[in-house]
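Just below is one structure, and these are the notes that go with it.
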Amino acid sequence: MLWRWIALQAPDLVLIVGPGDSGLASALSQNTVAGVGRIPARVIISVRPETILSLPRQIPMSEAHSEIIRRRSRSPRQLAEELGQYFGRDFNQLTYIPGMALIAQMRLGHVSDVEKLAARYLDPSVNPLNRANSLTLAGHMVFAELAERTGNKSYTELVRKAADLGFAKSGEMLESMPFHDEMSDSVFMATPLVAKAGKLTGERKYFDLAARHFVFMEKLDQRPDGLYRHSPLTDAAWGRGNAFPALGLALTLTDFPKDHPAYPRMIAEFQQLMFALARFQDEDGMWHEVIDQPGAYAETSATAMIGLAMARGIRLGWLDAAAYQSRVNLAWSGVVARVGKEGQLVDVCESTNKQNTLEDYLNRAALLGPDPRGGAMAMLFATELAGLQ
């Protein structure tokens, strides 16, 4: 991971001190590092005054430095539109990964394009809940967004049918939404969708279910320090395992009625989670692949999701801007620097089911390339900061 860190710091010259560098200087100088750019590098045997004096007084800007400046000069809308050329272009899989990018596309004004992609699911012969799972539930948020924007009741019915999985055939509310697999992901995968069902139908029972499901997941997975373990198998605070509750709560509260008895508690829980997460944001604005492990790599998708949740909290008055706006700004700076040309991203954690140990989480691969999950979350974060609701 060293070479990726060097690329993102974007120095103009790297000095490698010691008798050998195992080819690092040549690799940095001759190759595009982490998709960012080349960085001149020199090997010096020892740090002596004459060695330092022999270095050029004026060092030209490296390719990597120039590229990072270019990336950070982009506005949130510019980044969203760039990413929109590569993500949110199909809906072949009814999951949250294309779904979040499609919601971002709608916020960019491409509602009719998304409708065309979603049309297949309005076919009466198609059952979107066939072989349903948590990812499928979250994918239904696209239908909720379309229902709000178009007024088409067919989309509302798709949302209702998904939310009704939280009720027995007799109409009795179940203990939780199904398919949670004990993972903290379900705060995002199910809770916002159920709240959307309440908003779209006006039926209070869906808000009751959303509140119940959140409490159920919180009891399963929240640690005493306010962070979330990914599942009861281990206390490891996986990055997206905390970003899912952060974003899930933010989306749920956006639609939750303020006069509901559960609203004050859910607001308080959101604020507590943001406070717990804020302590672990690094100096580059990033949250790490395991939140409370500084040696874990800085992870792009979790940072985008947490930054989005904080930005939403500030905008809707749940968080104090004086305390959190600088953190949102830092998170944006970190994310935008990690998104290159043609949808290329740096350090998005691979798809992760529940793991048995902390070491298992620390060993999850950091993806480099056009990752649709990281692209969707960065795109959604950008639309939030651009004020595209």
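A few remarks follow.
- All positions within segment 204-250 that are of a type in the set (D, E) and part of a helix (DSSP H, G or I): D208, E218, D221
- Selected residue (criterion: nearest to K161 (Cα to Cα)) from residues of segment 91-107 that are out of contact with any helix residue (DSSP H, G or I) (no Cβ under 6 Å at 6 or more places or on another chain) and surrounded by fewer than 21 Cβ atoms within 10 Å (Cβ to Cβ): Q93
- On inspection, L308 passes the criterion of being on the phi < 0 side of the Ramachandran plot and at pLDDT 95 or above.
Condition check ((1) touching a residue at least 60 places away in the same chain (Cβ under 8 Å); (2) closer than 14 Å to A147 by Cβ; (3) over 18 Å from the mean Cα position of the chain (by Cα)) across all residues:
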residue: T95; (1), (2), (3): no, no, no
residue: A101; (1), (2), (3): yes, no, no
residue: A104; (1), (2), (3): yes, no, no
residue: S112; (1), (2), (3): no, no, yes
residue: E115; (1), (2), (3): no, yes, yes
residue: A118; (1), (2), (3): no, yes, yes
residue: D123; (1), (2), (3): no, no, yes
residue: L129; (1), (2), (3): no, no, yes
residue: S134; (1), (2), (3): no, no, no
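Quick grid of which residues meet (1) touching a Gly at 6+ places or on another chain (Cβ under 6 Å); (2) surrounded by 24 or more Cβ atoms within 10 Å (Cβ to Cβ); (3) under 13 Å from G239 (Cα atoms):
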position: T303; (1), (2), (3): yes, yes, yes
position: A309; (1), (2), (3): no, yes, no
position: G317; (1), (2), (3): no, no, no
position: G340; (1), (2), (3): yes, no, no
position: G387; (1), (2), (3): no, no, no
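- Extreme residue, surrounded by the most Cβ atoms within 10 Å (Cβ to Cβ), among residues of segment 1-20 that are out of contact with any helix residue (DSSP H, G or I) (no Cβ under 9 Å at 6 or more places or on another chain) and either over 22 Å from D284 (Cβ atoms) or of a type in the set (G, A, S) (or both): V17
- Residue-level check: of (1) more than 15 Å from the chain's Cα centre (by Cα); (2) surrounded by 23 or more Cβ atoms within 10 Å (Cβ to Cβ), C349 misses just (1).
- Members of segment 187-201 that are within 13 Å of A250 (Cβ to Cβ) and not hydroxyl-bearing (S, T, Y): V187, F188, P192, A195
- Selection count where residues are within 18 Å of A262 (Cβ to Cβ) and either not assigned by TED's automatic domain parsing to the domain that holds H260 or not charged (D, E, K, R) (or both), scope segment 150-179: 7
- Of all the listed residues (A302, A323), the sole one being within 24 Å of I97 (Cβ to Cβ) and either outside any strand (DSSP E or B) or not assigned by TED's automatic domain parsing to the domain that holds A376 (or both) is A302.
- Residue match in segment 166-182 (condition: part of a helix (DSSP H, G or I) and at pLDDT 95 or above): yes
- Verdict on G334 being under 19 Å from G84 (Cβ atoms) and surrounded by 19 or more Cβ atoms within 10 Å (Cβ to Cβ): no
- Single unsatisfied condition, R312 versus (1) assigned to a helix (DSSP H, G or I); (2) over 15 Å from the mean Cα position of the chain (by Cα); (3) under 15 Å from F270 (Cβ atoms): (2)
The values are calculated or read from the model by the stated rules, or taken from the named source; none is laboratory data. From a predicted model like this one, the values you see are computed outputs, not experimental measurements. Virtual Cβ from ideal backbone geometry, glycine too; neighbours counted across all protein chains shown.
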